[in-house]
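Pasting a structure below so you can have a look.
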Amino acid sequence: MVKKLYKYKILLDENMPPRSDFPRLNEYFDVKHIDHDLGKGGVSDQEVYLIAVSQKRIILTHNIKHFLTLSGTKNDVGIIGIPPSWQSSQIDMKLISLLRKNTPKMLTGKYINLGQELK
């Protein structure tokens, strides 16, 4: 029996490239960019977090320091920190790998540093 892939909802923080830079992620999941898709560029990290919580989206960000303190303070779906030095193709590949092997409940309310998670 083939396991059905859960269709995560993802929110790219303003410091992330546009969603068009992640073709595989877009193919499998519902991806939105806080600025390019939602028109909310320049909002605070707290506001990005509240938007993600209200839309039940996982936040992807390079801004690890600020989002770490927000993780789990509300009923969030999870926050994934991305190393700033990674190229879009590397991020695309690593995220697909992480999300395909985890269930939504395993990520809920947690902060994951992608650079450390998949070493």
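The values are calculated or read from the model by the stated rules, or taken from the named source; none is laboratory data. Not measured: the values here are computed from a predicted model. Glycine also receives a Cβ, built like all others from the backbone with ideal geometry; neighbour counts cover every protein chain displayed. Heads up: the accessible areas ignore ligands, DNA and RNA and are worked out on the full protein's heavy atoms, side chains in. Shrake-Rupley method; radii C 1.70, N 1.55, O 1.52, S 1.80 Å.
For a quick check, take a GNM of the chain with Cα springs below 10 Å and name the residue from Leu99, Leu25, Leu38 with the largest mean-square fluctuation.
Leu38
Can you check what the net charge comes to around Asp92, using other residues whose Cβ is under 11 Å from the Cβ of Asp92 (Lys, Arg +1; Asp, Glu -1)?
Result for the local shell: +1.
Could you please state how large a percent of the accessible area of the chain is carbon and sulfur, counting protein chains only and using a 1.4 Å probe?
51
Here is a follow-up. With θ set to phi - 60°, apply the Karplus curve 6.51 cos²θ - 1.76 cosθ + 1.60 along the range 53-66 and write out the HN-Hα couplings as whole Hz, x wherever there is a Gly or Pro.
Ordered by residue, 3J(HN,Hα) equals 4, 5, 9, 6, 10, 7, 8, 10, 8, 8, 7, 4, 4, 6 Hz.
Taking H placed 1.01 Å from N in the peptide plane, check which residues at least 5 places from Ile10 or on another chain put their amide H under 5 Å from its amide H.
Asp30, Val31, Lys32, Ile58
Right, something else. How would Thr69, Thr61 rank on accessible area, largest to smallest, probe 1.4 Å?
From most exposed to least exposed: Thr69, Thr61.
Also, I was wondering about something else. With θ set to phi - 60° and the Karplus curve 6.51 cos²θ - 1.76 cosθ + 1.60, what are the ³J(HN,Hα) couplings of the range 33-49 in order, to the nearest whole Hz, using x for Gly and Pro?
9, 4, 9, 5, 9, 9, x, 10, x, x, 6, 5, 4, 4, 5, 4, 4
Skip the ligands, DNA and RNA, and give the accessible area per residue of the range 1-61 with a 1.4 Å probe, whole Å².
Per residue, the range 1-61 has an accessible area of 55 Å².
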